[in-house]
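K.L.:
This is the structure I want to talk about, given as structure tokens.
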Amino acid sequence: MKDLAFASISELAEALKQKKISVSELITFFSERFSTQDGSVKSALEIFSVESIEKGLEKATQVSVLSGIPGLIKDNICQQGRITSCASKMLEQYRASYDATVIERLKAVGAPLIGRANMDEFAMGSSTETSAFFKTANPWDVSRVPGGSSGGSAACVAAGLVPWSLGSDTGGSVRQPASFCNLVGVKPTYGLVSRYGLIAYASSLDQIGVLTRNVYDSALVLSEIVGHDARDATSLRVKKIDYTQYLNGKLPAGLKIGIVTNAFQAEGIEDDVRKILDDVVAVYEKSGATIKRLSLPAMDYGAAVYFMVSRAEAASNLARFDGIRYGYRDTQAQTLSDVYIHDRSKGFGAEVKRRILIGNYALSSGHAEAYYQSAKTVQALMREQFLQTFKEVDLLLMPTTPSGAFKFGAFDNDRLKMDLQDYFNASANLTGIPALSVPAGFTAESMPIGFQLMGPDLSEGLLLQAAYAYEQQTQWHTMRPNGF
Ligand code: GLN
């Protein structure tokens with residue numbers, strides 16, 4: 001095979017089948033890619049030893065296209081016996097005692113899980129700059145961020161260090177880095193993928209998602225991890241689906257795509273992004289879709305409602321990290337109250353502490369009505385409006401991000417502007433619907449940009465079909481960053 005590093009999952013699977021390469025050789029090859037190429041990007045917190053990766057394959061009971069194809073896992077998804085740090089000092093030493101359901105399913109088909117991907121601390125951020133350990137760079141320009149919070153998961157796939165990775169998406173954390181790194185990133189319908197073993201940030205919004213370099217690979221990986229799981233009370237009663245069956249390169253006849261006009265008036269959308277989106281619309285029109293421009297005011301509330309709901313849930317979820325049951329322990333503390341204070345003030349980074357404070361305030365008596373309850377009311381209205389809109393159109397098309405990847409530190413003095421990064425993404429999490437980001441072109445600064453499709457509950461098949469049809473008409477997904 002001429003280029004293993006950037007080969008697709010199907011190509012690698014074919015090479016394994018024809019015995020051109022062995023699983024062991026593939027594991028060694030990709031592990032070595034990390035040693036030689038990850039220095040400038042720093043996408044991985046850890047790459048495991050080849051022996052221990054191979055040991056993980058002993059749990060395999062079935063064969064699939066993913067058998068033998070290495071991937072990297074965001075460090076908030078538990079892999080038994082491995083550290084699961086959430087890129088936080090708080091969990092720096094925490095070893096998972098069990099496998100997340102997604103990990104169990106991937107191990108069952110013998111997918112080698114070769115390491116842990118860097119991320120924003122506890123998945124809170126849009127740049128991977130809040131990791132307690134180090135920052136990850138964007139392979140397309142190492143002076144820029146890869147996006148976040150699944151920045152490590154995106155950077156490694158974009159740099160050809162591994163063909164697929166898992167991330168998590170609470171308010172855009174799979175789709176935004178996908179857009180910044182020229183990848184396909186899918187955020188499934190809430191409940192389609194089990195959250196058992198995913199360390200919670202905001203439980204009612206969290207979903208595990210997939211990052212790959214093309215749509216077919218995305219469908220392959222997603223098909224392995226979906227399906228009901230009795231250990232997650234919010235898991236939907238759906239059977240395992242093979243999403244590749246939808247990828248015929250065409251759009252379904254009569255497909256109606258909605259363009260949310262008010263979203264295009266949002267603050268801070270760069271002209272390049274508008275122009276690229278116009279081109280995407282033209283491709284869909286040419287492929288036979290009917291484009292309908294509509295107004296969806298619910299979009300405009302996404303970032304604000306997300307801000308409240310995510311902080312409130314984060315404050316509750318992170319209360320358990322007190323250094324007693326879990327987490328960092330300051331051995332110098334003299335009293336019980338010092339234990340709590342020291343452990344939490346030293347164990348958590350600034351962004352996490354800020355969110356816990358805001359969340360507790362939003363939930364406190366006297367304020368909960370005004371903040372948390374109002375946010376939940378608007379959230380319910382948002383879902384109503386989205387469902388109504390899906391009676392008129394099959395899918396919604398919009399940008400994933402208002403701009404291309406930004407420079408490190410660009411938003412250090414403007415947190416609000418950073419939070420507005422979530423404008424296009426948060427509404428899918430708040431309404432529970434699926435969404436994906438697909439490579440769509442490059443900005444004037446030569447940074448990749450994706451477009452986003454959203455669909456009604458459990459429309460992953462249609463989303464992937466429409467994304468694949470676009471991909472077949474364009475070359476963006478074949479572009480590679482220099483130097484990798
Ligand atoms: N950027 C968003 C935030 O900082 C999204 C995070 C996520 O999806 N985990 O909250």
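K.L.:
Listed residues 178, 158, 132, 87; which is buried (at least 24 other Cβ atoms within 10 Å of the Cβ), closer than 20 Å to residue 47 by Cα and within 16 Å of the ligand (Cβ to nearest atom)?
P.N.:
Exactly one of 178, 158, 132, 87 is buried (at least 24 other Cβ atoms within 10 Å of the Cβ), closer than 20 Å to residue 47 by Cα and within 16 Å of the ligand (Cβ to nearest atom), namely 87.
K.L.:
Starting from region 215-236, take each residue that is among the basic types (Lys, Arg) and list its partners that are open to solvent by less than 10 Å² (accessible area, probe 1.4 Å), counting only C-beta distances under 7 angstrom and pairs at least six apart or across chains.
P.N.:
Listed pairs, sorted by first residue: 231/101; 231/194.
K.L.:
While we're here: Any chance region 362-371 includes a residue that's surrounded by 18 or more Cβ atoms within 10 Å (Cβ to Cβ), of a type outside the set (Phe, Trp, Tyr), in contact (Cβ under 8 Å) with a residue 24 or more places away in the chain and closer than 24 Å to residue 173 by Cα?
P.N.:
Yes; the residues of region 362-371 include at least one that is surrounded by 18 or more Cβ atoms within 10 Å (Cβ to Cβ), of a type outside the set (Phe, Trp, Tyr), in contact (Cβ under 8 Å) with a residue 24 or more places away in the chain and closer than 24 Å to residue 173 by Cα.
K.L.:
Condition check: at pLDDT 95 or above, of a type outside the set (Phe, Trp, Tyr), away from the ligand (no atom under 16 Å from the Cβ) and closer than 30 Å to residue 223 by Cβ. Does residue 81 satisfy that?
P.N.:
Answer is yes for this residue.
K.L.:
Right, next: Please verify whether region 456-475 includes one or more residues that are closer than 28 Å to residue 130 by Cα and β-branched (Val, Ile, Thr).
P.N.:
Looking through region 456-475, none of the residues is closer than 28 Å to residue 130 by Cα and β-branched (Val, Ile, Thr).
K.L.:
Take region 385-414 and flag every residue that is touching a residue at least 24 places away in the same chain (Cβ under 8 Å) and in a helix (DSSP H, G or I).
P.N.:
385, 386, 387, 389, 390, 392
K.L.:
State all residues of region 426-478 that are in contact with a helix residue (DSSP H, G or I) (Cβ under 9 Å, 6 or more places away or on another chain), among the small types (Gly, Ala, Ser) and assigned to a loop (DSSP other than H, G, I, E, B); if no residue qualifies, say none.
P.N.:
Residues satisfying the conditions are 432, 444, 455, 459.
K.L.:
Something else: Considering each residue of region 181-199, count those that are more than 12 Å from the ligand (Cβ to nearest atom) and either assigned to a loop (DSSP other than H, G, I, E, B) or closer than 21 Å to residue 44 by Cβ (or both), and give that number.
P.N.:
13
K.L.:
Please state which of the following conditions residue 142 fails to meet, knowing it meets all the rest: (1) within 9 Å of the ligand (Cβ to nearest atom); (2) surrounded by fewer than 24 Cβ atoms within 10 Å (Cβ to Cβ).
P.N.:
(1)
K.L.:
How do the strands (runs of 3 or more DSSP E) wholly within region 200-296 filter down when requiring 1 or more residues that are away from the ligand (no atom under 16 Å from the Cβ) and exposed (fewer than 15 other Cβ atoms within 10 Å of the Cβ): which remain?
P.N.:
Where strands (runs of 3 or more DSSP E) fall fully within region 200-296 and carry at least 1 residues being away from the ligand (no atom under 16 Å from the Cβ) and exposed (fewer than 15 other Cβ atoms within 10 Å of the Cβ), they are 256-260, 290-294.
K.L.:
Same structure, new question: Condition first: under 27 Å from the mean Cα position of the chain (by Cα) and open to solvent by less than 50 Å² (accessible area, probe 1.4 Å). Now tell me which residues in region 337-351 satisfy that.
P.N.:
Those that are under 27 Å from the mean Cα position of the chain (by Cα) and open to solvent by less than 50 Å² (accessible area, probe 1.4 Å): 347, 348, 349, 351.
K.L.:
Would you check which residues across region 163-173 are of a type in the set (A, V, I, L, M, F, W, C) and over 18 Å from residue 87 (Cβ atoms) and list them?
P.N.:
Selection gives 164 alone.
K.L.:
Oh, and also: Any chance region 311-328 includes a residue that's of a type in the set (Val, Ile, Thr) and not in a loop (DSSP other than H, G, I, E, B)?
P.N.:
Scanning region 311-328, I find no residue that is of a type in the set (Val, Ile, Thr) and not in a loop (DSSP other than H, G, I, E, B), so the answer is no.
The values are calculated or read from the model by the stated rules, or taken from the named source; none is laboratory data. What you are looking at is a predicted structure, and each value in this text was computed from that prediction instead of being measured. As a convention, Cβ positions derive from the backbone with ideal geometry for all residues, glycine included, and neighbour counts pool all protein chains shown. Surface accessibility is based on the protein's heavy atoms, side chains included, excluding ligands, DNA and RNA. Shrake-Rupley method; radii C 1.70, N 1.55, O 1.52, S 1.80 Å.
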